[in-house]
Structure formats: C-alpha cells, structure tokens
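Novice: Structure incoming, see below.
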Amino acid sequence: MFRTKSVEQSIRDTEEPEHGLRRTLSAWDLTVFGVGVIIGTGIFVLTGKVAKETAGPATALAFVAAGVVCALAALCYAEFASTVPVAGSAYTFSYASLGELPAWIIGWDLVLEFALGTAVVAVGWSGYVRSLMDNVDWSLPAALQGPDAPGGSFDILAFVLVLLLTAILVVGMKLSARITALVVAIKVTVVLIVIIAGLFFVKADNYKPFIPEEQGQVSGSGLDAPMVQLIFGYEPTTFGVQGIFTAAAIVFFAFIGFDVVATAAEETKLPQRDMPRGILGSLVICTTLYVAVSLVVTGMQDYRELSVSAPLADAFKATGHPFYGGVISFGAAVGLTTVCMILLLGQTRVFFAMSRDGLLPRFFSVTHPRFRTPYRPTVLLGGIIAVVAGFTSIDELATLVNIGTLFAFVVVAIGVMILRRTRPDLPRAFRTPLVPLVPILSVAASVWLMLNLPAETWLRFGIWMAIGVVVYFLYGRSHSRMNREPAGRR
C-alpha cells in the first residue's frame, strides 16, 4: 500500500507512444492558464461580501494573507512539478514520495475537487449569461433555466458549455491555450478597467477605520459550526485584527485553481524551467489584482453599504455609473469559461495519470492517435459533469472543492520534505527555499484554513474518501502496474 513509484519510472511512462501527451505549452501558456482559472467569481463577488461582513477595508490585507498561504504551497508545487514533469499533479507527486495508497487518496480527492468545481462554475456562468440576456429582453424558457431559477429543472446553458469545452480539450492543448489566452485578455482588461475607473471615485473617508473594531463572532451549532470551534472551542471573530484572518480563510477560496497548472507538466516544452514560472507568476499577478480591486471597491463605497451579490457593479451604480456594472457582468461571464475549461482539464489529467498506473482501467489512458490528448476520460468526465451541471443545484457541495484543495496542499508539502530525504540525488531545477520550514508552514496554514470550514464539509469529505479507499482495495490495488514492475525499476 505504501510502495512508491520512482521518478525515473514515472518519466519513462510518459514516453510510451499510446500513453504519452504532446508537449506544446510554454511558460506564458502556463501563466495564462493560472490567471484564467484563479480569476473567477471571487474577484467580482467575494470582495464585497467579505468587506461588508468580516474585515471592512482591511479585506486587502486578508487577500495578502491568503496569497502568502498559497505562495507557501506554490513553492512546494514548483519544486515537484519541475522535478517530476508528469501529468497528475499532487497524485503523481504523492506516488513518488508517500506511496500508492496515499497517492490514490489524493487522486480520488482531486477528481472530486475538479469535477464539482467545473459544475459549480458552469452553473455560475449560466447565471451571468442569463443576467446579460435579461438586459436585452431575451430569456430562456423557465424549464431550461436550471433548478435555481423559479420553475426551472434543467440548466441548458451550463450543459452546453461543458460539452463545448470538452470538445475543445479533445482537439488539443494548444487550441485550449489560444482560446484561454484570448478570454483571459478580456477578463484581465475588465478587471483593469474596474481598478482604473474606480480610482476616480475613491473617497479617503471610506477607509476610516481601515481595520474596524472587533464586533462579533463567527459561530454556529452542530454540523454548521466551524471545525475549529467543535475541537478547540475557539470561535473566529468578525472585524478587528482577528477578523482579517477570518476573512483570509474565506477569500483564500478565490485563489483556488493555481494548482491546476501543475497537472499540465507533462504537456510543457521545458517543464524544469517553465513550471515554476507559470505557477508562481500566475499567483503573483492574481494576488496583485485582488488587492487592488478590494482597495478600490472599499474606497468607492462605505464597506457597511456594499452589496453582497454584486458589490463591484453596485458600487459603480451607487456613484452614478451603471455602465461599468454591465462591463463587470460581461467580464465575469466571459471569464468563467476559462475557469470551467481549466478545471475540466485538470480533472482529466489526474484521471489519465491514475489510469496509466493501472489504478483505474487502462482503457482511459490511451491518447488520441491524432491530437495526442486523453480523449476517452475527457469525453466520459465531460459528459458526466455536463449532466450534473444541468440538473443539480450544488451550492452546498462547493465547499468540498475548498477542503479538497487544502488537503492536496498538505500532501504536496509533506511530499517535498520526504523526497528531499529519500532522493537527495534527484536533479531539481527549482528548489523550495528553507526546507523544512516552508513546507511545515504550508501544512500549518492549510490545516488552519481547513479547520475553519464547517463540520458538515468534513463529514462529506470523509464519506467520499471512505468510498475511495473501498474502490482502491476492490480494484486499484490488484490492477496496479506496480504489481508487474520488477523491484529494481520502481
């Protein structure tokens, strides 16, 4: 259960003609992927919600704190992705350091994380598009507006979006990268318009006080209570200095997705050089934009008056400029397409890597003879997610995406420390600085944010993990390729 797969064997597997992926991506492509998946609804919605309810103008500091947590994890991902340039991200890294069962568990976790993330984003995209359609007096039949709409039962827009993105991913990574680059350019332009235009409406008085006085506690009861409250009796506070860290646990989820960049390591031309640049570069760009937007929106309007549903758009309306509200809605709708596509990309690569190792049926690890993409898992998973997005209201399940990502962060950080001790001879193009301090800090920060999630989320996550362990023992353990590999090649 804890047998490891050597880095050399993982790399050899990528050279098999029927099971290898085409290397077409550059550092620029990876950075664009990272920015494309990180900047989503978080920057358009979460900023105002957190400012009004948790941190006030100090929301900017919460984004900085969350960015630091992600940076710690990113440094660990960068070392692994440049040392083990193989599809699968945290799954592949775990197989090389922790062993087969831990690798299976993290792979199972990532499949759920990316699947739910894709479905949630597709539903969110559908909502923005319907809002834009309403502005021009267009509307879909009520039954096709999704279960969240009155009288709705099937979300045709979310369903079609996932199928379309599935087709694009089958055709090839370079096409995906070009489409992503175009959409990201539009999305970043909209964000920059918000920042630049908003500066003209900022009032210094709205920043007073920058850190509001502590006002109350974030608490709940039963399964709704944060895990940290149930275990330690600690109740996170709103506002004040502690409110900044409470807010950081919330806005962290606006950063989710940068780890998807690591899943494309096998399709990168020079992964040893380009993976660290893509991972760290996208994180720096997005953190800078998040901080700038939060400063602008809290400067335009008193944080106590911000709306929760559409804070940026409503802040411009409050200053008498509704035109920018329409621009923001357009940017959000366009931008979410890339978020959806890159999450789907990440899931198919993890599934492909697990299949190539025999932990899932090898049928799914055969690449397309022309496009050299993992078309079988892409079509299968794309179809399933399209149906889930079309029929399901999954707001409550969205938090599973968060806990899954943090769990992956913990595993990767531990893996870096283990591989440094077990394989000090490996050539490392990028080395995480201050090991073991940085990985330990990454683990501690990730666990702390996990403990701020509701107990109900932990329960659901535990059930999914238990199902995964059963599947491993019923299928994966006996079908693993490691059973057939000579000990000397592991």
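Novice: Against the definition (part of a helix (DSSP H, G or I), more than 16 Å from THR378 (Cα to Cα) and in contact with a strand residue (DSSP E or B) (Cβ under 6 Å, 6 or more places away or on another chain)), how does SER126 come out, yes or no? Lay out the reasoning, then the answer.
Specialist: Numbers: part of a helix (DSSP H, G or I): yes; more than 16 Å from THR378 (Cα to Cα): yes; in contact with a strand residue (DSSP E or B) (Cβ under 6 Å, 6 or more places away or on another chain): yes.
Yes; evaluated as a whole, the condition is true for this residue.
Novice: Can I ask one more? Across the stretch 74-94, what is the total count of residues that are part of a helix (DSSP H, G or I) and within 22 Å of THR348 (Cα to Cα)? Before you say what the answer is, go through the steps one by one.
Specialist: We begin by selecting, within the stretch 74-94, every residue part of a helix (DSSP H, G or I); these are 74-83, 90-94.
Narrowing further to those that are within 22 Å of THR348 (Cα to Cα): 74, 77-78, 80-83, 90-94.
Within the stretch 74-94, residues that are part of a helix (DSSP H, G or I) and within 22 Å of THR348 (Cα to Cα) number 12.
Novice: Among the residues of the stretch 243-284 satisfying the criterion of being among the hydroxyl-bearing types (Ser, Thr, Tyr) and under 20 Å from THR92 (Cα atoms), which is modelled with the lowest pLDDT?
Specialist: Going through the stretch 243-284, the residues among the hydroxyl-bearing types (Ser, Thr, Tyr) turn out to be 246, 263, 268, 282.
Applying the additional criterion that residues be under 20 Å from THR92 (Cα atoms) yields 263, 268.
Working: THR263: 78, THR268: 86.
For the stretch 243-284, the residue satisfying everything is THR263.
Novice: Looking at PRO361 and the list (1) surrounded by fewer than 19 Cβ atoms within 10 Å (Cβ to Cβ); (2) under 23 Å from ARG23 (Cβ atoms); (3) of a type outside the set (A, V, I, L, M, F, W, C), which single condition is not satisfied?
Specialist: PRO361 satisfies all of (1) surrounded by fewer than 19 Cβ atoms within 10 Å (Cβ to Cβ); (2) under 23 Å from ARG23 (Cβ atoms); (3) of a type outside the set (A, V, I, L, M, F, W, C) except (2).
Novice: On the basis of being touching a Pro at 6+ places or on another chain (Cβ under 7 Å) and farther than 30 Å from ARG349 by Cα, does THR54 make the cut? Before you say what the answer is, go through the steps one by one.
Specialist: Details: touching a Pro at 6+ places or on another chain (Cβ under 7 Å): no; farther than 30 Å from ARG349 by Cα: yes.
Taking the combined requirement at face value, the residue does not satisfy it.
Novice: Considering VAL202, VAL260, VAL191, VAL183, which residue is over 28 Å from TYR324 (Cβ atoms), of a type in the set (Val, Ile, Thr) and either buried (at least 19 other Cβ atoms within 10 Å of the Cβ) or touching a residue at least 40 places away in the same chain (Cβ under 8 Å) (or both)? Steps first, answer last, please.
Specialist: On the way: VAL202 fails: over 28 Å from TYR324 (Cβ atoms); VAL191 fails: over 28 Å from TYR324 (Cβ atoms); VAL183 fails: over 28 Å from TYR324 (Cβ atoms).
Just one listed residue meets the conditions, VAL260.
Novice: Counting only residues that are polar (S, T, N, Q) and more than 19 Å from the chain's Cα centre (by Cα), which one in the stretch 149-193 is modelled with the lowest pLDDT?
Specialist: Applying the first criterion (polar (S, T, N, Q)) to the stretch 149-193 yields 153, 166, 176, 180, 189.
Restricting the remaining residues to those that are more than 19 Å from the chain's Cα centre (by Cα) gives 153, 189.
Numbers: SER153: 82, THR189: 89.
Among those that are polar (S, T, N, Q) and more than 19 Å from the chain's Cα centre (by Cα), it is SER153.
Novice: Does any residue in the stretch 1-28 that is under 26 Å from VAL471 (Cα atoms) come within less than 8 Å, Cβ to Cβ, of a residue that is aromatic (Phe, Trp, Tyr) and at pLDDT below 80 six or more places away or on a different chain, and which pairs are these?
Specialist: Close Cβ pairs (under 8 Å, with a partner that is aromatic (Phe, Trp, Tyr) and at pLDDT below 80) do not exist here.
Novice: Could you give me the residue pairs with C-beta distances under 6 Å whose first residue belongs to the stretch 267-286 and is at positive phi, whose second residue is among the polar types (S, T, N, Q) wherever it lies, and which are 6+ apart or on separate chains?
Specialist: none
Novice: Further question: Could you pull out the residue among LEU157, LEU144, LEU132, LEU110 that is in contact (Cβ under 8 Å) with a residue 12 or more places away in the chain and surrounded by 24 or more Cβ atoms within 10 Å (Cβ to Cβ)? Talk me through it step by step, then tell me what you get.
Specialist: Values: LEU157 fails: surrounded by 24 or more Cβ atoms within 10 Å (Cβ to Cβ); LEU144 fails: surrounded by 24 or more Cβ atoms within 10 Å (Cβ to Cβ); LEU132 fails: surrounded by 24 or more Cβ atoms within 10 Å (Cβ to Cβ).
Checking each option against the conditions leaves just LEU110.
Novice: Still on this structure, please answer the following. Which of the residues belonging to the stretch 300-351 are of a type in the set (Val, Ile, Thr) and outside any helix (DSSP H, G or I)? Give the derivation first.
Specialist: Just the residues of the stretch 300-351 that are of a type in the set (Val, Ile, Thr), to begin with: 308, 319, 327-328, 334, 337-339, 342, 348, 350.
Scanning the stretch 300-351 gives VAL308, THR319.
Novice: Can you name the residue in the stretch 227-257 that is of a type outside the set (S, T, N, Q) and outside any helix (DSSP H, G or I) and, of all such residues, is surrounded by the most Cβ atoms within 10 Å (Cβ to Cβ)? Outline the logic, then answer.
Specialist: Our first condition is that a residue be of a type outside the set (S, T, N, Q); within the stretch 227-257, this holds for 227-228, 230-236, 239-241, 243-245, 247-257.
Subsequent filtering for residues that are outside any helix (DSSP H, G or I) retains 233-236, 239, 255-257.
On the way: GLY233: 7, TYR234: 14, GLU235: 15, PRO236: 20, PHE239: 22, PHE255: 26, ILE256: 22, GLY257: 29.
Looking at residues that are of a type outside the set (S, T, N, Q) and outside any helix (DSSP H, G or I), I get GLY257.
Novice: Continuing with this model, one more query. Name the single residue that is surrounded by the fewest Cβ atoms within 10 Å (Cβ to Cβ) among those in the stretch 168-180 being of a type in the set (A, V, I, L, M, F, W, C) and in contact (Cβ under 8 Å) with a residue 12 or more places away in the chain.
Specialist: VAL171
Novice: Taking GLU213 as meeting all but one of (1) of a type in the set (Asp, Glu); (2) assigned to a helix (DSSP H, G or I); (3) in contact with a helix residue (DSSP H, G or I) (Cβ under 9 Å, 6 or more places away or on another chain), write down the number of the exception.
Specialist: Only one criterion in (1) of a type in the set (Asp, Glu); (2) assigned to a helix (DSSP H, G or I); (3) in contact with a helix residue (DSSP H, G or I) (Cβ under 9 Å, 6 or more places away or on another chain) is unmet by GLU213, namely (2).
The values are calculated or read from the model by the stated rules, or taken from the named source; none is laboratory data. This structure is a prediction, so every number in the text was calculated from the model and none was measured. Counting neighbours? That spans all protein chains shown, and the Cβs are built from the backbone with ideal geometry, glycine included.
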